[in-house]
Amino acid sequence: MSDAERDLIEALEAEAATDRSAADTPDIGIIMGSDSDLETMMTGGRRRGAYDALVDELGFAEVTDYDAPPSERFTFETFVVSAHRTPDLMYTYAETAPARGLEVIIAGAGGKSADLPNMTASIAYPLPVIGVPVQEKSVDSVIGMPVGAPIVAVDAGKSFNAALFAAQILATYHPEIEGRLLDFHDRQRTAVAETSRDLHEQGTAEFAERR
Ligand code: RP5
């Protein structure tokens, strides 16, 4: 095992041994099999990702230092964890997740052996894990769990929806998040209606040019 992997494992174990209040630990953990998944998992592009949903739409902040958490009440953390290249890190990440205060995990992986979401779900059980198949060909390996080993997953590439669903889980006991989700829904309805109006009034050619 590399020093870097061992350092991460020790940091996660040390964090699990602390006694921070829920307000000071990340609520959502986001892991991906490779940093080549970053765009799909976090910042999207034309189709937005989990980062966009959590930060731009729902007011979450990212924890980058456990000892100096952001002032925002609701937060998430982000790591690259590979089921095949760093299996020990995957095990420690999932096993320590509840003690580190995580309430839900979003796990994304690509390729035909996209095992990170399903293995994380098995190890972190009963913590809920939302799988994100990074590519279409990853769908079967993310969702193909045996009976008794549950995972839920979003459609290929739709990490934005995974973030919304993670927030929906938190909203069952955090009314503030429920309000933020409803506000997002209203904004989305308004935006679609405004787009429809602009397309109709400008016509296809002008609308496409201005877009
Ligand atoms: C998967 O293999 C990762 O989730 C990624 O989608 C894919 C390719 O990884 P890289 O070779 O780009 O690091 O495990």
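The values are calculated or read from the model by the stated rules, or taken from the named source; none is laboratory data. Given the structure is predicted, the values throughout are model-derived calculations rather than measurements. Note that each Cβ is placed from the backbone with ideal geometry, even for glycine, and that neighbours are counted across all protein chains shown.
Go through the residues of the stretch 81-93 one by one and say whether even a single one is away from the ligand (no atom under 11 Å from the Cβ), hydroxyl-bearing (Ser, Thr, Tyr) and surrounded by fewer than 20 Cβ atoms within 10 Å (Cβ to Cβ).
Yes, because at least one residue in the stretch 81-93 is away from the ligand (no atom under 11 Å from the Cβ), hydroxyl-bearing (Ser, Thr, Tyr) and surrounded by fewer than 20 Cβ atoms within 10 Å (Cβ to Cβ).
With respect to Leu181, is the statement that it is within 26 Å of Met32 (Cα to Cα), not assigned by TED's automatic domain parsing to the domain that holds Val81 and not basic (Lys, Arg) true? Break it down stepwise before answering.
Working: within 26 Å of Met32 (Cα to Cα): yes; not assigned by TED's automatic domain parsing to the domain that holds Val81: yes; not basic (Lys, Arg): yes.
Answer is yes for this residue.
Out of the residues in the stretch 158-204 that are among the hydroxyl-bearing types (Ser, Thr, Tyr) and assigned to a helix (DSSP H, G or I), which is nearest to Ala23 (Cα to Cα)? Outline the logic, then answer.
Going through the stretch 158-204, the residues among the hydroxyl-bearing types (Ser, Thr, Tyr) turn out to be 159, 172-173, 190, 195-196, 204.
Retained after the next criterion (residues that are assigned to a helix (DSSP H, G or I)): 159, 190, 195-196, 204.
Details: Ser159: 24, Thr190: 32, Thr195: 38, Ser196: 41, Thr204: 48 Å.
Ranking the candidates gives Ser159 first.
With Asp155, Asp198, Asp140, Asp115 as the choices, which residue is within 20 Å of the chain's Cα centre (by Cα) and more than 24 Å from Phe76 (Cα to Cα)?
Values: Asp155 fails: more than 24 Å from Phe76 (Cα to Cα); Asp198 fails: within 20 Å of the chain's Cα centre (by Cα); Asp115 fails: more than 24 Å from Phe76 (Cα to Cα).
Every option except Asp140 fails the conditions.
Looking only at the stretch 10-29, which residues are part of a strand (DSSP E or B) and touching a Phe, Trp or Tyr at 6+ places or on another chain (Cβ under 6 Å)?
Step one: filter the stretch 10-29 for residues part of a strand (DSSP E or B), giving 28-29.
Passing the criteria: only Ile28.
Can you find even one residue in the stretch 67-82 that is part of a loop (DSSP other than H, G, I, E, B), under 29 Å from His185 (Cα atoms), modelled with pLDDT of 95 or more and of a type in the set (Asp, Glu)?
Yes: one or more hits.
Assess whether Ala99 counts as being more than 16 Å from the ligand (Cβ to nearest atom) and part of a loop (DSSP other than H, G, I, E, B). Give the steps one after another, and end with the answer.
Working: more than 16 Å from the ligand (Cβ to nearest atom): yes; part of a loop (DSSP other than H, G, I, E, B): yes.
Spelling it out, Ala99 is indeed more than 16 Å from the ligand (Cβ to nearest atom) and part of a loop (DSSP other than H, G, I, E, B).
Check Ala4, Ala50 and return the single one that is among the small types (Gly, Ala, Ser) and surrounded by fewer than 13 Cβ atoms within 10 Å (Cβ to Cβ).
Numbers: Ala50 fails: surrounded by fewer than 13 Cβ atoms within 10 Å (Cβ to Cβ).
Only one candidate qualifies: Ala4.
So in the stretch 26-50, with the set limited to residues that are touching a strand residue (DSSP E or B) at 6+ places or on another chain (Cβ under 8 Å) and farther than 18 Å from Asp155 by Cα, which one is nearest to the ligand (Cβ to nearest atom)? Working first, answer last.
Let us first name the residues in the stretch 26-50 that are touching a strand residue (DSSP E or B) at 6+ places or on another chain (Cβ under 8 Å), namely 26-35, 37-38, 40-42, 50.
Retained after the next criterion (residues that are farther than 18 Å from Asp155 by Cα): 26-29, 34-35.
On the way: Pro26: 21, Asp27: 23, Ile28: 19, Gly29: 16, Ser34: 3, Asp35: 7 Å.
Result: Ser34.
Between residues in the stretch 27-44 that are under 17 Å from Val129 (Cα atoms) and residues that are in a helix (DSSP H, G or I) and within 13 Å of the ligand (Cβ to nearest atom), which pairs lie under 6 Å by C-beta distance while being six or more apart or on different chains?
Short answer, once both residue conditions are applied: Met32/Met41; Gly33/Leu116; Met41/Ser159.
Within the stretch 102-122, how many residues are more than 16 Å from the ligand (Cβ to nearest atom) and within 22 Å of Asn161 (Cβ to Cβ)? Show your work before the answer.
Restricting attention to the stretch 102-122, the residues satisfying the condition of being more than 16 Å from the ligand (Cβ to nearest atom) are 102-104, 122.
Remaining after also requiring within 22 Å of Asn161 (Cβ to Cβ): 102-104.
Final tally of qualifying residues: 3.
Looking only at the stretch 110-157, filter to residues that are among the aliphatic types (A, V, I, L, M) and in a helix (DSSP H, G or I); which one of those is nearest to Asp37 (Cα to Cα)? Before the answer, list the steps.
First pass over the stretch 110-157, keeping only residues among the aliphatic types (A, V, I, L, M): 114, 116, 119, 121, 123-124, 127, 129-130, 132, 134, 139, 142-143, 145, 147, 149, 151-154, 156.
Applying the additional criterion that residues be in a helix (DSSP H, G or I) yields 116, 119, 121, 123-124, 139, 142-143.
Details: Leu116: 12, Met119: 18, Ala121: 19, Ile123: 22, Ala124: 22, Val139: 15, Val142: 15, Ile143: 18 Å.
Only one residue tops the list, namely Leu116.
Could you list, in sequence order, all residues of the stretch 3-25 that are within 16 Å of the ligand (Cβ to nearest atom) and among the β-branched types (Val, Ile, Thr)? Lay out the reasoning, then the answer.
Looking only at the stretch 3-25, we keep the residues that are within 16 Å of the ligand (Cβ to nearest atom), and these are 4-5.
Matches in the stretch 3-25: none.
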